[in-house]
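The values are calculated or read from the model by the stated rules, or taken from the named source; none is laboratory data. This structure is a prediction, so every number in the text was calculated from the model and none was measured. Cβ atoms come from the backbone with ideal geometry, glycine included; neighbour counts cover every protein chain shown. When the accessible area is computed, the model is the full protein with side chains, heavy atoms only, and any ligands, DNA or RNA have been set aside. Shrake-Rupley method; radii C 1.70, N 1.55, O 1.52, S 1.80 Å.
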Amino acid sequence: MSVSSLPLQNLGARAIACRGRLAAMLFLFVFMCLGASAQVTDFAIDTQGPHHVVQGHYMFFSVSGRVLAGTDNESGTVPSLSGLPAGITGEFVDLPRYCCGTFLYRLVGDNPIKISTSSSTPTGAYPVQVTYRTAEGVQRSTTYTIYVDPLPSLIQKTGVYFPSNAPLASATQWSTDMLTYGHEHCTALDAGQYSQFSVGYYDGTRIYYQIADLTGDSSWNTCAGMVYASYSSYVIGANGQIPGYQVFPQGIAMRYQRTGEATALQTLNSMETNGLYSYWPDPPSIIDWSRSRELSYGIETNLAYQSVGQPANPHLQDLIEIQLGHFDQWFMSKSTPYRQPFMVALAGEALIQYWDQTHDARIPPILQMAADQIWAESWDTSCNCFRYYDDDGTFTRSQDLNLLIAPLYGWLFQQTGFQGYRDQGDQIFNSGVTGAWLDGGKQYAQNYRWSAKYLQWRVLGAQPAGQPSPLVSCDLNADGHVNVLDVQLATNQALGTAACSTGDLNGDGQCTIVDVMRVVSATLGATCSTAP
């Protein structure tokens, strides 16, 4: 049958039906498009950071929205906290600092939370609810448990405390290599050109000034000056905004203290004020443990800046609390896949410098916990060195980093008098001296950055405070030799920068210039005088 032979009413009906189906399809298409563009955003909340805080102190952790459906165009999301007991307060520190006071500009992005306790906050576990509510009315929550801990104490171990001094096998080689390789790297191509492979890396300025002080030989100041000139030029050229792992402030501070040079103070000021991790970086960039080294150097920059008479950073304590949070993530919450021993030691160096100023009672127990755990987890007897881990779970071994770590054990020996720390430190130190590759400027600087502290702390830890030293000899560090190291140790004790112990040669209960001169005379061949 042809179309022309169909009744007109049938044609009309069919046309109406077709138009209806077409309209329905168009409506469905438009609905689907509109529905897709107006899809309500759904999300989850992720967290990261430490979980422990000591009574009377504070901590930071971070939360972030993660979009599950829809888009991140969610300006107006309001975050909130609930479940905080009496005596604990929480605040979203970036809201008033960067944005909107009470709401987020975007869902996605780290949002730091500061949890503060009082000295009377009861210890215990507190599940805190973090809630986000979007402008569309979608609300999601997650629980983050906070543990309020009492002030920690040093762990008493079974073994010998305050043992007699004993010779350190590699002390002489350490001293000889310091001078031999120090001369090797004091060249225009190495000391005079800063790079990540030169002696300037890990603070060659500081190292050469330390050698000058240890030896009494002012010619080493020339080497320090070469490193200073190249490194200072690099810092000033970047207005202080250099990568956080290349921040070496102590040599700059030593330069200013020795010379009063205005450029040195300018360099240090730019590092403290404009540094990416030194004044008050955005907390999310440093809460995560992977920024530990950068934060350590930022803390040291602040302390070095203060050491030359400049104002204290009002945010320094925030940096300290976040650094303590790294130790939490490493050794308490254990939320990290691994711990790099040399980064733990660098963080320890920064906290020891902070402890020197404040005697914060939290520091010795935290560093004791760290030293115990990296020894148990990472010390490898096949090389007498530590293991260093990759993201895939594999590891490498390196003796080149031993002398960055040994001072941590020396400091703990000084603090506790426990022979175990001296024995472990000696193994680390001796292997580092005999196995390190010192032809590289960077490697030389790693080894001599602060390893002299191990020799100092190793001796000072050998006798309880307030008791006379059992060793009355001009060989103050008991390495079997009387040399410039003993002179420096005697000088430090006389100046009060180190506790008076082995430097009291005449037994009058004081370390004075008289004792220093006796050590100097002994290094020149005279008999060591210990008479009253």
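So, in segment 357-385, exactly how many residues are within 24 Å of PRO150 (Cβ to Cβ), part of a helix (DSSP H, G or I) and open to solvent by less than 20 Å² (accessible area, probe 1.4 Å)?
7
Restricting attention to segment 195-228, which residues are at positive phi and either surrounded by fewer than 21 Cβ atoms within 10 Å (Cβ to Cβ) or basic (Lys, Arg) (or both)?
Answer for segment 195-228, where residues must be at positive phi and either surrounded by fewer than 21 Cβ atoms within 10 Å (Cβ to Cβ) or basic (Lys, Arg) (or both): just GLY216.
If I ask for residues that are among the hydrophobic types (A, V, I, L, M, F, W, C) and open to solvent by 50 Å² or more (accessible area, probe 1.4 Å), which ones from segment 505-515 would you list?
ILE513, VAL514
Filter segment 127-139 down to the residues that are more than 16 Å from PHE92 (Cβ to Cβ) and either of a type in the set (Lys, Arg) or without any contact (Cβ under 8 Å) to a residue 24 or more places away in the chain (or both) and list them by number.
Result: GLY137, GLN139.
Can you tell me which residue among ARG458, ARG518 is assigned to a helix (DSSP H, G or I), on the phi < 0 side of the Ramachandran plot, surrounded by 14 or more Cβ atoms within 10 Å (Cβ to Cβ) and modelled with pLDDT of 85 or more?
The unique qualifying residue is ARG458.
What tally of residues in segment 487-504 results from selecting those that are at pLDDT 85 or above, closer than 25 Å to ALA212 by Cβ and open to solvent by less than 40 Å² (accessible area, probe 1.4 Å)? Walk me through how you get there before you give the answer.
Of segment 487-504, the ones at pLDDT 85 or above are 487, 489-490, 493, 500, 502-504.
Among the residues that remain, those that are also closer than 25 Å to ALA212 by Cβ are: 487, 489-490, 493, 500, 502-503.
With open to solvent by less than 40 Å² (accessible area, probe 1.4 Å) added as a condition, the list becomes 487, 489-490, 493, 502-503.
Summing the residues that are at pLDDT 85 or above, closer than 25 Å to ALA212 by Cβ and open to solvent by less than 40 Å² (accessible area, probe 1.4 Å) in segment 487-504 gives 6.
Residues checked against (1) more than 15 Å from the chain's Cα centre (by Cα); (2) surrounded by fewer than 23 Cβ atoms within 10 Å (Cβ to Cβ); (3) without any contact (Cβ under 8 Å) to a residue 60 or more places away in the chain:
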residue: GLY260; (1), (2), (3): yes, yes, yes
residue: THR263; (1), (2), (3): yes, yes, yes
residue: GLN266; (1), (2), (3): yes, yes, yes
residue: SER270; (1), (2), (3): yes, yes, yes
residue: SER290; (1), (2), (3): no, yes, yes
residue: GLY298; (1), (2), (3): no, no, yes
residue: TYR305; (1), (2), (3): yes, no, yes
residue: ALA312; (1), (2), (3): yes, yes, yes
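Would you mention how many residues in segment 236-249 are open to solvent by 30 Å² or more (accessible area, probe 1.4 Å) and either part of a helix (DSSP H, G or I) or within 21 Å of ALA191 (Cα to Cα) (or both)?
Here the count works out to 5.
Taking only segment 90-114 into account, find how many residues are open to solvent by less than 40 Å² (accessible area, probe 1.4 Å), assigned to a loop (DSSP other than H, G, I, E, B), closer than 14 Å to ASP282 by Cβ and of a type outside the set (Val, Ile, Thr).
1
Of the residues that sit in segment 184-236 and are among the charged types (D, E, K, R) and over 25 Å from the mean Cα position of the chain (by Cα), which one is farthest from LEU276 (Cα to Cα)?
ASP217
Looking only at segment 339-356, which residues are under 20 Å from GLN446 (Cα atoms) and open to solvent by 20 Å² or more (accessible area, probe 1.4 Å)?
ARG339, GLN340, PHE342, MET343, GLN353
Quickly run through segment 433-444 and pick out the residues that are out of contact with any His (no Cβ under 8 Å at 6 or more places or on another chain), assigned to a helix (DSSP H, G or I) and touching a residue at least 60 places away in the same chain (Cβ under 8 Å).
Going residue by residue through segment 433-444, those that are out of contact with any His (no Cβ under 8 Å at 6 or more places or on another chain) are 433-440, 442-443.
If we keep only those that are assigned to a helix (DSSP H, G or I) too, we end up with 433-435, 442-443.
The answer is VAL433, THR434, LYS442.
Let's see how each residue does on (1) within 18 Å of ASP380 (Cα to Cα); (2) touching an Asp or Glu at 6+ places or on another chain (Cβ under 6 Å); (3) surrounded by fewer than 20 Cβ atoms within 10 Å (Cβ to Cβ):
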residue: TRP411; (1), (2), (3): no, no, no
residue: GLN415; (1), (2), (3): no, no, no
residue: ARG422; (1), (2), (3): yes, no, no
residue: ASN430; (1), (2), (3): yes, no, yes
residue: SER451; (1), (2), (3): no, no, no
